[in-house]
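One structure below.
The values are calculated or read from the model by the stated rules, or taken from the named source; none is laboratory data. Note that the coordinates shown come from a computational prediction; the quantities given were computed from them, not determined experimentally. Counting neighbours? That spans all protein chains shown, and the Cβs are built from the backbone with ideal geometry, glycine included. Just the protein is used for accessible areas: all its heavy atoms, side chains included, with ligands, DNA and RNA removed. Shrake-Rupley method; radii C 1.70, N 1.55, O 1.52, S 1.80 Å.
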Amino acid sequence: MSIRRAAVVGGNRIPFARANGPYARASNQDMLTATLDGLVARFGLQGERLGEVAAGAVLKHSQDFNLTRESVLGSALSPFTPAYDVQQACGTGLETTILVANKIALGQIDSGVAGGVDTVSDAPIAVSEGLRTALLNANRAKDVTGRLRALAKIRPAHLLPNPPSNSEPRTGLSMGEHQAITTAEWQISRTAQDELAAASHQKLAAAYDRGFMDDLLTPFLTLTRDQNLRPDSTAEALAALSPVFGTRLPNPTMTAGNSTPLTDGASTVLLSSDEWAAEHNLPVLAHFVDAETAAVDYVHGDRKYDGLLLAPTHAVARLLERNKLTFDDFDFFEIHEAFASTVLATLAAWEDADFCRDRLGRSAPLGAIDRSKLNVNGSSLAAGHPFAATGGRIVASLAKQLHEKGSGRGLISICAAGGQGVVAILQA
């Protein structure tokens, strides 16, 4: 069996919205369907039967058990296009890209769509365990008396709903609280975080101004650009905000300004073989080269070296070694800005001799990256972060950057809940 290259043809997303904003009444299916239809319209895929569509959401209602397939059925794609759901926390969008690209490379399919969607505004709310148990017992009862006896055990406290939480089940700490520990351990300064956050807004605003986003977005509801974007953001203004994470630690530094907000949105990426793209007279922006995933033991590990969001440091090290590459071989770095300090801690770890020796098994540090190549069109701090949609946003943006340059290589690094990391390489 021969291996062929998987091409990134293009992408589409809807503008990302802050939670409980313009998309407050839009469901995951509404947003994913609109995003798919935007992709179909952009690339002339009306009625086209694709190899598959892989997408997912981190927060799903029970009725969304077949979310991606239902979204395909509601879109202008052929109803004969198969689809399935994937979930790897914030790495979902990139993981679906890996899955579709690998099937194309193996010749199992010629084309496919990867993507993700998430709504915090329309989050699933579960009933309490007491109410759930009573309802299940009532359903199992064989007569009316039994059902009434089961329902009589419901207490007022059981009626309180259980909203979803972003805390890690094994530690009880939110992602922000975990990152606050990592930030303190790596001594990431408040100034550096605010500077990175302000730069993200300024670079994304510049990308909009020069038209870079024009063929990456489809307006949705009232939005034509990302709602969280603050073009006039400065490090000085961000420095005035009070810390919101790690407030029980000495000298907390993480604020709402240098952390991503809760966000609603969806993204998609069209991938194919070179032959399929040529047959459809579509461009090839870049090729998918390779990918790697990793995980860290953030539950039992070291507070500094095994932080919840440091798994990409391991994945990148393995990916570079397998492909015999160094940071000097890359033209762009797309490091997901879950928090400004996540990016800065990741960069610090790659430069740290002890970390690289003890955790990555390297005789020398991976080294520093050229900061002028980092998130050149802004990233999650400015755009927002609908968990499963971030990977698709980054893949489409990086592929277009590489296409504009005409050559080169880009590295994607995305941290995820559960101490996981998903990384990949694209090449023009």
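Some values worked out for this structure:
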{"read-out": "Residue within the range 231-246 that is open to solvent by 50 Å² or more (accessible area, probe 1.4 Å), over 23 Å from Pro386 (Cβ atoms), at pLDDT 95 or above and part of a strand (DSSP E or B) present", "value": "no"}
{"read-out": "Search result, residues across the range 276-330 that are surrounded by fewer than 16 Cβ atoms within 10 Å (Cβ to Cβ), in contact with a helix residue (DSSP H, G or I) (Cβ under 6 Å, 6 or more places away or on another chain) and assigned to a loop (DSSP other than H, G, I, E, B)", "value": "Arg303"}
{"read-out": "Only one of Gly391, Gly419, Gly410, Gly406 that is of a type outside the set (Lys, Arg), open to solvent by less than 10 Å² (accessible area, probe 1.4 Å), more than 24 Å from Leu308 (Cβ to Cβ) and out of contact with any Asp or Glu (no Cβ under 6 Å at 6 or more places or on another chain)", "value": "Gly410"}
{"read-out": "Candidates Arg25, Arg13, Arg5, Arg49, filtered to the one that is under 17 Å from Asp118 (Cβ atoms) and over 21 Å from the mean Cα position of the chain (by Cα)", "value": "Arg25"}
{"read-out": "Checklist (1) modelled with pLDDT under 90; (2) touching a Phe, Trp or Tyr at 6+ places or on another chain (Cβ under 9 Å) applied to Glu177, failing item", "value": "(1)"}
{"read-out": "Flag for Leu94 being aliphatic (A, V, I, L, M), in contact with a helix residue (DSSP H, G or I) (Cβ under 9 Å, 6 or more places away or on another chain) and open to solvent by 50 Å² or more (accessible area, probe 1.4 Å)", "value": "no"}
{"read-out": "Lone qualifier among Gly107, Gly116, Gly56 - being at pLDDT 95 or above, of a type in the set (Gly, Ala, Ser) and open to solvent by 20 Å² or more (accessible area, probe 1.4 Å)", "value": "Gly107"}
{"read-out": "Any hit, the range 409-421, residues being charged (D, E, K, R), more than 17 Å from Phe212 (Cα to Cα) and assigned to a strand (DSSP E or B)", "value": "yes"}
{"read-out": "Number of positions in the range 347-384 that are assigned to a loop (DSSP other than H, G, I, E, B), out of contact with any Leu (no Cβ under 8 Å at 6 or more places or on another chain), open to solvent by 10 Å² or more (accessible area, probe 1.4 Å) and not acidic (Asp, Glu)", "value": "8"}
{"read-out": "Residue under evaluation Ala41, criteria (1) surrounded by fewer than 21 Cβ atoms within 10 Å (Cβ to Cβ); (2) free of Cβ contacts under 8 Å to residues at least 40 places away in the same chain, criterion not met", "value": "(2)"}
{"read-out": "Which numbered condition Lys153 misses (of (1) open to solvent by 50 Å² or more (accessible area, probe 1.4 Å); (2) part of a helix (DSSP H, G or I); (3) touching a Gly at 6+ places or on another chain (Cβ under 9 Å); (4) over 30 Å from Ala388 (Cβ atoms))", "value": "(2)"}
{"read-out": "Selection count where residues are in contact with a Gly (Cβ under 9 Å, 6 or more places away or on another chain) and either open to solvent by 30 Å² or more (accessible area, probe 1.4 Å) or part of a helix (DSSP H, G or I) (or both), scope the range 1-18", "value": "5"}
